[in-house]
Structures are given as C-alpha cells and as structure tokens.
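The values are calculated or read from the model by the stated rules, or taken from the named source; none is laboratory data. The structure displayed is predicted, hence computed values, not measured ones. Every residue, glycine among them, receives a Cβ derived from its backbone with ideal geometry; neighbour counts consider all protein chains shown. Ligands, DNA and RNA are stripped out before the accessible areas are found, and what is left, the full protein with its side chains, is counted by its heavy atoms. Shrake-Rupley method; radii C 1.70, N 1.55, O 1.52, S 1.80 Å.
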Amino acid sequence: MTKDRFAHVRAWVFDLDNTLYSPAVRLFDQIEARMNAYVMRVTGAAAEEAAHLRRDYWARYGTTLAGLMTHHEIDPEDYLVDVHDISFDALTPDPHLARLISDLPGRKIVYTNGSAPYAAQVLKARGLDAAFDAIYGVEHADFAPKPQAEAFERVFARDGLTPTEAAMFEDDPRNLAAPHAMGMQTVHVAPEPVPAPHIHHHTDDLGGFLRHLR
C-alpha cells in the first residue's frame with residue numbers, strides 16, 4: 001500500500017511552483033515574462049532570442065539564473081528580486097490542503113529554485129504559511145539549483161533532515177533524481193505521469209494523495 005511506503009517519513013519536502021498550487025493558475029507565466037525582460041537587458045538580445053536563451057539555460061543548468069551567472073556574471077540577488085516582482089492575485093487560499101500538510105507527522109519544509117521571500121508570498125496567498133516549519137530558496141544552496149545533487153545536499157544539511165526518513169514532492173521529474181539517490185520517497189505532482197526509475201509515485205491531486213497517507 002502507498003501509505004506503508006511513507007510510514008517511516010519524518011521530513012516532508014515540497015517544491016513550490018506548480019506543486020503547491022495548480023499549474024492551471026499559470027502564475028509562472030508572469031515570472032517567465034520578467035525573466036525574458038531581464039535576459040534582454042543583460043545580453044542585449046531581442047525578445048525571441050532572449051526567450052530562447054531563457055529556455056536553453058533552464059534546460060542546461062537547471063535554472064535560467066544559473067545560466068546567467070555562468071555566462072554573464074549577474075548579481076543573483078538582483079535577479080531574484082526582479083523576476084519575482086509579480087501579482088499573486090491569481091492564487092486562492094486552500095485551507096483543506098493546509099490541514100492535510102499540517103497533519104503530516106514530522107517536519108514540513110518548502111524547497112524551491114525560486115527565492116525564499118517569493119515562496120513566503122506564495123504560501124501566504126495560498127493560506128499554507130502556518131503549515132510549514134521552514135522555507136528554503138536557491139539562495140540557501142549558494143545559488144546551485146535543483147536538479148544538482150549538491151543543491152539538495154546543502155539545503156538538507158542546513159535543515160538537518162535525514163534523507164532516508166524523508167519524502168520529496170515535485171512537479172519537475174528531473175528534480176526527483178537526486179532525492180531518489182539519497183534514499184527519499186519521491187512523488188511526482190503533475191497532470192501527466194512520467195515513467196522513470198527515480199519516481200516512486202505520481203499524482204495529479206496533491207490533496208487527494210495526502211489524504212491517502214492519513
């Protein structure tokens with residue numbers, strides 16, 4: 001049974017974007033637009049080329065930020081403030097999900113490739129802020145992004161969690177490879193499953209999945 005696979009879990013790690021809110025909200029569209037504008041300013045590229053660079057850096061490095069730091073030596077803190085300056089009006093509170101997360105046994109944390117201040121705003125808009133014990137952003141991994149194993153190692157060491165007693169919930173399947181290798185239970189949260197040996201479970205309904213673990 002799925003529930004039995006989580007009986008040992010005492011640390012619950014959740015990605016943020018498109019995991020703790022539905023991708024149908026399309027909040028990230030705003031961030032992508034600001035990323036494109038930032039790439040245009042830094043590189044002098046036209047809009048179409050900037051959008052291509054954004055996608056290429058994300059695919060190659062895990063985040064657009066990592067690509068910009070590698071090739072253009074940008075200030076990561078300036079970038080994170082700029083691209084996360086968006087409206088959160090599309091998000092709505094989810095008290096049911098908040099209760100389900102709060103009821104999980106042990107420590108609950110958010111770990112995102114975005115910034116911690118941005119994550120805090122998302123959680124507040126979703127009414128989930130009280131459900132979590134800690135928030136970690138890419139800055140807590142010294143700007144190394146998921147899916148890099150060292151990023152997970154830095155964040156988990158900072159939190160003090162034991163990976164073999166933890167579970168990871170994430171919408172991007174490549175970001176579950178390192179947690180799987182570290183001994184975590186891995187849950188892919190997305191509309192469609194992606195068969196992969198490093199994914200233990202898939203759900204298109206996070207709340208429904210958590211209900212089955214109670």
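Listed residues V9, V81; which is hydrophobic (A, V, I, L, M, F, W, C), assigned to a loop (DSSP other than H, G, I, E, B) and either exposed (fewer than 15 other Cβ atoms within 10 Å of the Cβ) or touching an Asp or Glu at 6+ places or on another chain (Cβ under 8 Å) (or both)?
Within the list V9, V81, the selection yields V9.
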- request: Could you give me the residue pairs with C-beta distances under 8 Å whose first residue belongs to region 18-32 and is more than 19 Å from D85 (Cβ to Cβ) and of a type outside the set (A, V, I, L, M, F, W, C), whose second residue is part of a loop (DSSP other than H, G, I, E, B) and open to solvent by less than 60 Å² (accessible area, probe 1.4 Å) wherever it lies, and which are 6+ apart or on separate chains?
  value: N18/D171; N18/A190; T19/D171; P23/D171; P23/A190
- request: Check D103 against each of (1) in contact (Cβ under 8 Å) with a residue 40 or more places away in the chain; (2) open to solvent by less than 60 Å² (accessible area, probe 1.4 Å) and name the one condition it does not meet.
  value: (2)
- prompt: Does any residue of region 17-31 turn out to be of a type outside the set (G, A, S), assigned to a loop (DSSP other than H, G, I, E, B) and open to solvent by 60 Å² or more (accessible area, probe 1.4 Å)?
  reply: yes
task: Please specify each residue of region 106-123 satisfying the condition of being part of a strand (DSSP E or B) and open to solvent by 40 Å² or more (accessible area, probe 1.4 Å).
output: R107
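Any residue at all in region 70-78 that is open to solvent by less than 40 Å² (accessible area, probe 1.4 Å) and under 19 Å from Y21 (Cβ atoms)?
To start, the set of residues in region 70-78 that are open to solvent by less than 40 Å² (accessible area, probe 1.4 Å) comprises 74, 76.
Adding the requirement that they be under 19 Å from Y21 (Cβ atoms) leaves none.
The answer is no, given that none of the residues of region 70-78 is open to solvent by less than 40 Å² (accessible area, probe 1.4 Å) and under 19 Å from Y21 (Cβ atoms).
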message: Please go through region 125-147 and give me each residue that is among the charged types (D, E, K, R), surrounded by fewer than 18 Cβ atoms within 10 Å (Cβ to Cβ) and touching a residue at least 24 places away in the same chain (Cβ under 8 Å), ordered by number.
response: D133, E139
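For region 50-65, check the following and say yes or no: at least one residue is open to solvent by 20 Å² or more (accessible area, probe 1.4 Å), of a type in the set (D, E) and at pLDDT 95 or above. Can you show your working first?
Keep residues of region 50-65 that are open to solvent by 20 Å² or more (accessible area, probe 1.4 Å), which gives 52-56, 58-61.
Pick out the ones that are also of a type in the set (D, E) and you get 56.
Now drop any that are not at pLDDT 95 or above, which leaves 56.
Scanning region 50-65 turns up at least one residue that is open to solvent by 20 Å² or more (accessible area, probe 1.4 Å), of a type in the set (D, E) and at pLDDT 95 or above.
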